[in-house]
Every structure is written in structure tokens, then in C-alpha cells.
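Below: the structure, in C-alpha cells.
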Amino acid sequence: MSGNAILVVGGGFSGITAALEAAEMGYEVILVEKNPYLGGRVAQLNQYFPKLCPPSCGLEIQFQRIRNNPNVKVLTMAQVTKVSGQAGNFDVTVSIKPRYVNEKCTCCNACTEAAETTVPCEFDFGMGMRKVAYRPNIFAFPQRYAFDKAKCSEAEAKKIEASCKYGAINLADQERTQTFKVGAVVQATGWKPYDVSKLENLGAGKLTNVITNMQMERLCAPNGPTGGLLLRPSDKTAPKRVAFVQCAGSRDENHLNFCSYICCMASLKQVTYVRERVPGAEVTVFYIDLRTPGRYQKFLEKVSADPKLSLVKGKVAELTQEGSGKVLATVENVETGIKNVEEFDLVVLATGMQPSVAGEAVAVNAPRDEEGFFIGSPDSGVIATGCAKVPLDVMRSAQSATGAALKAIQTVAGR
């Protein structure tokens, strides 16, 4: 790689887009992703708004572009550990964790069948279990299995190795490092859901039938833990009354001071999930303000026309759960001034979007604000994009990434 190469940190939708836009202009790109697959949060969605497309709709096109472009070097299970230098001349060190599965993998599933040990599935936010030898997700890129060797016995590891007739399991795989010279760095590290355990009044992650909005995505996804059926966690029954609690930790000086932009639209989208899967279900959305900017206003009008949906301007003060699994919500209706307790089968918390690297040290030396979002300036050679910079939806993340690619090109071209 030459000094004209571009490093993209993060393989979510923004990172992929920035990498491809630069690569298709003839620049070499190193795309670094810490997970075993590309796609980021979009890959975990059931659908994204406003057209309610499945994630494969947008991601598969991007994956095909990567396959067809030799300018993109993809490193998964990798993290940038050191960056030194200046705009136009950075030295970068990348650490790559062992996957224990090489390019010979055909995704035949023999290793998963041979494995016995199960662990909570990170992709499903702990709502399901997976084997230690596993396919990261159904349309993962690269389409290759991974193996958590450290989480099983040596005997089981050898059994898994022996199960693969293609020789794709390599128990001798070790962590390694690679170094690169690049001219610009695109920081596309994305976002993470706010830690629900900090919301003590809303169950603090301890109430079985109180889940987050991202857990709701996985519950309703065809490749999720329930095969797309909406079943409440406590007893696997279909919920008849569902509540959405907006701004769960957002716009709150004790948690996230900002509005996460997409939460209102995400909950409205998930209202359609409930109504499709449990036609008789009643849904209530408790909100402070409903924010559906621009073209998304039509989506709000369409969803709110549903007679089974109640939009209540009010603050949920507390959630508790009875032995039956019913969730009791203490709510103050802002418009009527009445405070009462309502009963639901399932409650979904619209937790905010926090930068993935919030509270963490990172190798890329770029300024961040008090919330952890990158401020970066093009003059530094480090360009922030997508939700690493500000909360955005998928469409605006792609637009942001295209702009970041252009700035990175201008940096390496010395303009």
C-alpha cells in the first residue's frame, strides 16, 4: 500500500460506503472491522425505514461491489492499535485476532454440528444462543464461519477441526499484526445502544419482558432467535398489549444529553412489526416529542392512522413486572396531567445511539466531544463519518460517507 491509500476504520454501512466510493475512484483502501463480518448495525435490523427494506437489500449490493473491486482490502476481527504521522503520511498498525477458520470454508455447517458448547449470541443481543463454531449471520460478508476456540475444551476443538473435510479449521491460527502507510483516515466506528442497565427506573435490564429497540429488531427478524415470531421472552407467548417508551436515556442530563434522531422513526417502524405479527394487539407509544423530519412525516401519518395505536405524550416514570410477566408502567400524561399505572405484556425501550467508542481510548488521534462523537477536521487527515460523528439514519449515513470519501481523496491528493 502506498501513502495514497486510505484507511477506513469501521465496516458498517458508512464505512463500507466510504471505502467503495474511494476505491471506485482508483484509490487503495484498507477497511478494518472488529467483528467477524461487515454490515454493522444495519445487518442486525429486521427492516429499515421508510420503505421497510430488509438489510440484505442494501448490503448485498455493497458486498458485491467489494467483491468486484481489487482496491478494497478487507480486514475483519481487526482493530487499529497505532496511528502515527500526519495528513498525507500516516503509519498504521492493525492487530488481527485469530478466526481459526480459513478461506477454504464452504459454510457447510459441519463445524457447528460438531460443536457442543453454546454461548449467548452477540448478534441477537443475548436473546438467543449460538455454538462456539458459527456463521456470524445468514448473509455475512465474508461468507465464512468463525470459531471461539477459547470458549470450549481442547477435546471439543479437535472434534470440530476433524469435522471439516475441507481443512478450513486451523487451530494453530494466531493473532498477527500488519502495518500500512496511508494518506488519510476515515473514522466510521458507528454507534452502540445506550447501556440499558443504567436505567434503573425502567427495569435496568432486569425485567424479562422489557427489551430494547435493537432486541426488538432481532426478535422480529426472520434470522433472529424466534424465526421472526414476536414472542415475549418470559413465556414465549404473543403479546396482546405492547408499549414503546421513547427517549429511554436520551435527552436526559443523567444519561445522554442529546436526541438520537432515529428513535421515533424506529419505534413507529416497530409498531408495524407488532401489528403484522399479532393483528389484534394494541400498541401505545409514550413520547416526549415525536420527531419525524422531512419526508418521514408521511410515515408518521400512515402509521398513526392505525386504530389499534395510541400515541400518548407522557413520561414513563417507572416500570415493574409482576409474577405473571405483566409489566406495570407508571405514566404521567402531559396533556391531561393524570398519573396512572398501565399494564402491558411487553415494553420496548427506545434506547439512544451512543458512539461505539464512547468512554474508550482509540488509536486514532482525533478530538471528540463530551458525548464521544468525533469532531475531526479534514486538515488533520482524519475524517469522521456516519454515526461516529452524529446520530443518523441509513440514508444520511451513506450521504455522510460519500462526503467523507471525497475529503479523504482530497487529503491524499494534496488538495
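Grab the other residues whose beta carbon is less than 12 angstrom from that of K313, score K and R as +1, D and E as -1, and report the net.
Summing Lys/Arg as +1 and Asp/Glu as -1 gives -2.
Say each of N365 and V119 gets a label point 7 Å from the Cα, pointing the same way as Cα to Cβ; how far apart are those two points in nm?
Rounded to a tenth, the inter-label distance reads 3.5 nm.
According to the square roots a ≥ b ≥ c of the eigenvalues of the Cα gyration tensor, what is the shape class of segment 194-353, taking rounded for a/c under 1.5, prolate for a/b larger than b/c otherwise, and oblate for the remainder? Kindly include the intermediate steps, with their values, before the conclusion.
Details: a/c = 1.26, a/b = 1.07, b/c = 1.18.
Cα axes put segment 194-353 in the rounded bin.
So what's the projected area for segment 183-232, the Cα convex hull averaged over all directions, in nm²? Before the final figure, lay out each step's value.
Values: hull surface 21.2 nm².
Answer in nm², one decimal: 5.3.
Evaluated at 4 °C with a viscosity of 1.567 mPa s, what Stokes-Einstein diffusion coefficient in µm²/s does segment 1-152 have when Rh comes from the Kirkwood expression over alpha-carbon pairs? List each step's numbers first, then the result.
On the way: Rh = 16.7 Å.
D = 77 µm²/s.
DSSP loop (so not H, G, I, E, B), at most 16 other Cβ within 10 Å: list which GluC sites (Glu not before Pro) in segment 69-125 pass both filters. Let's see the in-between values first.
Details: sites: E103, E113, E116, E122; in loops: E103, E116, E122.
For GluC sites (Glu not before Pro) across segment 69-125 that sit outside H, G, I, E and B with at most 16 neighbouring Cβ atoms in 10 Å, the list reads E103, E116, E122.
Could you work out the mean projected area of the convex hull around the alpha carbons of segment 110-163, in square nanometres to one decimal?
The Cα convex hull of segment 110-163, projected and averaged over all directions, gives 3.7 nm².
Which residues does a label at E343 reach in segment 187-207, if reach means a backbone N under 18 Å from a point 7 Å past the Cα toward the Cβ?
none
For the chain, report the translational diffusion coefficient in µm²/s to the nearest whole number, using Stokes-Einstein at 4 °C, 1.567 mPa s, and a Kirkwood Rh over Cα pairs. Spell out each step's value before the answer.
Details: Rh = 22.7 Å.
It comes out at roughly 57 µm²/s.
I'd like the distance between the alpha-carbon centres of segment 254-304 and segment 318-396, rounded to an integer number of Å.
The distance from the Cα centre of segment 254-304 to that of segment 318-396 comes to 14 Å.
Can you show me the helix-derived [θ] at 222 nm for the chain, built from DSSP H runs with n ≥ 4 at -39,500 (n - 2.57) apiece and divided by the number of residues, rounded to the nearest 500. Mind showing how you got there, number by number?
Values: 8 runs with 90 residues, N = 415.
For the chain, the value works out to -6500 deg cm²/dmol.
Which FRET efficiency value, to the nearest 0.05, do you get for Q297 and A162 by plugging their Cβ-Cβ distance into 1/(1 + (r/R0)^6) with R0 = 56 Å?
Numbers: r = 59 Å, r/R0 = 1.05.
So, using R0 = 56 Å, E works out to roughly 0.45.
Under a 5 Å amide H to amide H cut-off, with H placed in plane at 1.01 Å, what residues pair with Q354 once short-range neighbours are removed?
Residues meeting the criterion, in which the H sits 1.01 Å from N, are K192, Y194.
Among E154, E282, E318, whose mean-square fluctuation peaks in a Gaussian network model of the chain (Cα, cutoff 10 Å)?
Per the Cα network of the chain with a 10 Å cutoff, E154 tops the list.
With a point put 7 Å past each Cα toward its Cβ, work out how far K198 is from N68 in nm, to one decimal.
Label-label distance for K198 and N68, simple model: 4.3 nm.
Using a simple spin-label model with points 7 Å from Cα along the Cα→Cβ vector, what separation in nm is obtained for S324 and Q399?
4.8 nm
Round to the nearest 0.05 the FRET efficiency obtained for D289 and C107 when R0 = 60 Å and r is the Cβ-Cβ distance.
On the way: r = 46 Å, r/R0 = 0.76.
Here the calculated transfer efficiency is 0.85.
Under 15 Å from a label point 7 Å along Cα→Cβ of S310: give me every residue in segment 231-270 with its amide N that close.
Under 15 Å, as judged by backbone N against the label point of S310, lie 240-245 of segment 231-270.
No value in this document is a laboratory result; all are computed from the given coordinates. Since the model is a prediction, treat every value here as computed from it, not as a measurement. Note that we place each Cβ from the backbone using ideal geometry, even for glycine, and neighbour counts take in every protein chain shown.
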